[in-house]
Ligand SMILES: Cc1cc2nc3c(=O)[nH]c(=O)nc-3n(C[C@H](O)[C@H](O)[C@H](O)COP(=O)(O)OP(=O)(O)OC[C@H]3O[C@@H](n4cnc5c(N)ncnc54)[C@H](O)[C@@H]3O)c2cc1C
């Protein structure tokens, strides 16, 4: 099979390039024929997950000592980019497990890592990450879910909003206040398992896009969580776990935006090459070529920034969080713009479900909202800029 040439310039290992080829092959075979129906019926991609599991792909996202391939964050970026080129909904459902795993990776005990990360790496368990609440979306410090210590357990009460994989997942990393007087610094992260008494889920949200990825509320009513399920066994460290999680997950979200934009761009190329108006294929109009050129340039800019953010995050670079925010902001806005132009180039046909661009356009919008809106990314970038400005003489 031909090598995925777009990856060759980034010094990726042969192993990672082979993995990329395998992911693409499975996406072509398993996602392309099913994505429209899954979207229409809001069906969770269990069968696609089974194929990914069969091929050992969940392991790509985890460290070797927990049954993973140890390919690092760059592998997660490549994974997200390729899968999202085919379906952002499938990628969102898969990435939510990794998002659930990240607080455990960053702050969990060895025992917690062995128990949960191994189950995620084998594809045996699905995860969900529960930070947002009805009144605490961008305003994470305003969260109100509480965890009160009672003997050797914590009693959790609260509602988590917009939780990807809620109801489907086996494991939930839930952020709750263990010391209200400390505000967000009194937040802790707990591992909650499906089946624990008092854990229930809201209605399936009827979404505009990424409809095969299920989103529901997670409702906690006197859920008794054993103290060994407190991530890292130390209370009031949740804020750090959440910050580390979002800094390291954002390059992969940016990559999913690059992937979706690439998918839209390819659809636009296919369509404009065959659509004839005024006696020629519309790709021959210079205005159309300019639109395609803008799309290609924006995608490549977003990809380069995303790969840099991933490299910085992997190296623990001091500006890793800033670059993650920059990549997430740039790539998600690029995805929305490229999806818009790609649909425009399909004319009226793009407005129907007969062409994949209609779904891609609907899917794209979530990228500027979840894991921190574009405005929040810019707030974070702005905070770094203020520091830089203060350091100038
Ligand atoms: C499909 C989907 C899946 C999701 N999956 C998960 C998940 O798995 N786990 C999870 O924890 N969360 C998840 N989320 C939640 C997501 O991260 C939040 O929706 C997002 O952070 C925005 O919060 P909000 O919806 O409350 O909007 P708000 O915070 O109310 O924002 C509304 C608007 O105000 C703007 N705004 C708010 N504050 C500021 C400010 N300080 N400066 C400038 N502008 C501001 C925002 O940018 C936005 O435009 C998901 C959301 C969706 C829709």
Worksheet item: Is it true that residue 80 is buried (at least 18 other Cβ atoms within 10 Å of the Cβ), within 16 Å of the ligand (Cβ to nearest atom), within 23 Å of residue 224 (Cα to Cα) and in contact (Cβ under 8 Å) with a residue 60 or more places away in the chain?
Response: no
Worksheet item: Residues that are modelled with pLDDT of 95 or more and under 30 Å from residue 285 (Cα atoms): which helices (runs of 4 or more DSSP H) entirely in the stretch 297-393 hold 3 or more of them?
Response: 320-345, 357-364
Fill in: So residue 80, is it over 22 Å from residue 370 (Cβ atoms), within 20 Å of the chain's Cα centre (by Cα) and modelled with pLDDT of 95 or more
no
Worksheet item: For the stretch 198-225, how many residues meet the condition of being away from the ligand (no atom under 16 Å from the Cβ) and within 12 Å of residue 130 (Cβ to Cβ)?
Response: 1
Worksheet item: Which ranges mark the helices (runs of 4 or more DSSP H) fully within the stretch 3-88 that have 2 or more residues being farther than 23 Å from residue 167 by Cα?
Response: 14-26, 72-86
Discussion item. On the basis of being at pLDDT 95 or above, touching a helix residue (DSSP H, G or I) at 6+ places or on another chain (Cβ under 9 Å) and surrounded by 22 or more Cβ atoms within 10 Å (Cβ to Cβ), does residue 75 make the cut?
Written reply: no
Discussion item. For the stretch 107-129, which positions are within 16 Å of the ligand (Cβ to nearest atom) and within 29 Å of residue 182 (Cβ to Cβ)?
Written reply: 127, 128, 129
Practice prompt. For residue 132, work out the one condition from (1) in contact (Cβ under 8 Å) with a residue 24 or more places away in the chain; (2) outside the structural domain of residue 58 (by TED's automatic domain parsing); (3) more than 10 Å from the ligand (Cβ to nearest atom) it doesn't fulfil.
Written response: (3)
Fill in: Verdict on residue 147 being in contact with a strand residue (DSSP E or B) (Cβ under 7 Å, 6 or more places away or on another chain) and more than 23 Å from residue 58 (Cβ to Cβ)
yes
Fill in: Boolean, residue 144 is part of a loop (DSSP other than H, G, I, E, B) and either within 16 Å of residue 238 (Cα to Cα) or over 22 Å from the mean Cα position of the chain (by Cα) (or both)
yes
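Only one residue in 370, 329 is in contact with a strand residue (DSSP E or B) (Cβ under 9 Å, 6 or more places away or on another chain) and within 16 Å of the ligand (Cβ to nearest atom), so which one is that?
Result of the check over 370, 329: 370.
The values are calculated or read from the model by the stated rules, or taken from the named source; none is laboratory data. Small disclaimer: the values here were computed from a predicted structure and weren't measured. All Cβ positions, even for glycine, are placed from backbone atoms using ideal geometry, and neighbour counts span all protein chains on display.
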